[in-house]
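Engineer: My questions will all concern the structure given below.
What follows draws every value from the coordinates through simple rules; no lab data is involved. If you're wondering where the values come from, they're calculated on a predicted model, not measured in any experiment. A quick note on method: Cβ atoms are made from the backbone with ideal geometry, for glycine too, and the neighbour counts reach across all protein chains shown.
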Amino acid sequence: MPELPEVETVRRGLVPAMEGRRILSARANRPDLRFAFPDRFAERLKGTRVEKVDRRAKYLLARLGSGETLLMHLGMSGRFSITAEDISRQPGDFVYAAPANPVHDHVVLELEGGVVVTYNDPRRFGFMELFETAAEPTQKYLSTLGPEPDSNQFSGPYLAEALKGRRGPVKTALLDQRIVAGLGNIYVCEALWRARISPRRKAGTIAGARAEALAGSVRAVIAEAIAAGGSTLRDYAGPDGALGYFQHRFDVYGREGEPGRCEAEGACPARIERLVQQGRSTFFCPRCQR
């Protein structure tokens, strides 16, 4: 499933295609995705202007001139493609996406300037919702989210307090979106390795220098992944059809049995191990992560 860096990559690709453009027509080609589309979905989108494309955790948020926000979640295989007849080309623009199977084109938005944004989702685990922007503080998907990893609210002291008293493993706790928004399995594994913290360690023991190290590692790994365009596992691709490159930098994720990179010279006598926590694979160095 795409994590925060992948969703941020998609957001950046959608910005030049959608922001400031009026939606001329909207079409949903089926009644539902993971959940049913909102009432009068296409009607409420038609004619309104996309003022801004935001992101919160793993959710994309299109702020509309109608006073509503279009919330979009990619699920496991959702992706956007953008085609344009006449769009200003600027560095970083994402246009002319690699085609996906049109059988799975579930939402099609036609915008000013000949821009067409298509949401394609073979597994249909993604979903879309419309809500009054002013009601965002109580919106069911957003109201309980913790701080973003790159926000001023996320710090070592915050993390120590949020994890205080938790008896479960720190790996599991970091996947709780109420503690920190947007983290997923891949980047938690990488951040724990960088902080030299065992995924088995009780969350409640993360305090002081250890909490500072972990918060810093989370910030760094997320920032680097965004800069690299995210990682690509199975179905994920950016809105320009391009794949991310951060997977080539994984230090532990998916490297079971390979040598560790913990030592200064890059070689560790231990081999990367894998364990399963709450049904998800965790990769770590058994020698250097404590």
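Engineer: How large is the helix-only mean residue ellipticity at 222 nm for the chain, computed as the sum of -39500 (n - 2.57) over DSSP H runs with n ≥ 4, divided by its residue count, in deg cm²/dmol to the nearest 500?
Structural biologist: -6500 deg cm²/dmol
Engineer: Let me ask you something else. Under unit Cβ charges (Lys, Arg +1; Asp, Glu -1), what dipole magnitude, rounded to 20 debye, does the range 121-193 have relative to its Cα centre?
Structural biologist: 460
Engineer: Something else: Tell me, what are the semi-axes, in whole angstrom and largest first, of the equivalent ellipsoid of the chain as set by the roots of 5 times the Cα gyration tensor eigenvalues? Write down the numbers at each step before the final one.
Structural biologist: Details: eigenvalues 269, 88, 52 Å².
Each semi-axis is √(5λ); the values are 37, 21, 16 Å.
Engineer: Now a separate question. Given H placed on each backbone N at 1.01 Å, which residues far from Glu68 in sequence or on other chains put an amide H within less than 5 Å of it?
Structural biologist: Thr133
Engineer: What size of dipole, in debye to the nearest 20, comes out for the chain about its Cα centre when the only charges are +1 on Lys and Arg C-beta atoms and -1 on Asp and Glu C-beta atoms?
Structural biologist: 1200
Engineer: Next question, about the same structure. Sorting check: for 144-151, 75-82, which peptide has the highest mean count of neighbouring beta carbons within 10 Å, and how do the rest follow?
Structural biologist: Those peptides, ordered most packed to least, come out 75-82, 144-151.
Engineer: For Arg40 and Glu85, calculate 0.36 nm times their separation in residues minus their Cα-Cα distance, and state this gained length in nm to one decimal.
Structural biologist: The span from Arg40 to Glu85 would gain 13.4 nm if fully extended.
Engineer: If the cut-off is 13 Å between C-alpha atoms, which aspartates and glutamates fall inside it for Lys140, apart from same-chain ones fewer than 8 positions away?
Structural biologist: Glu129, Glu132
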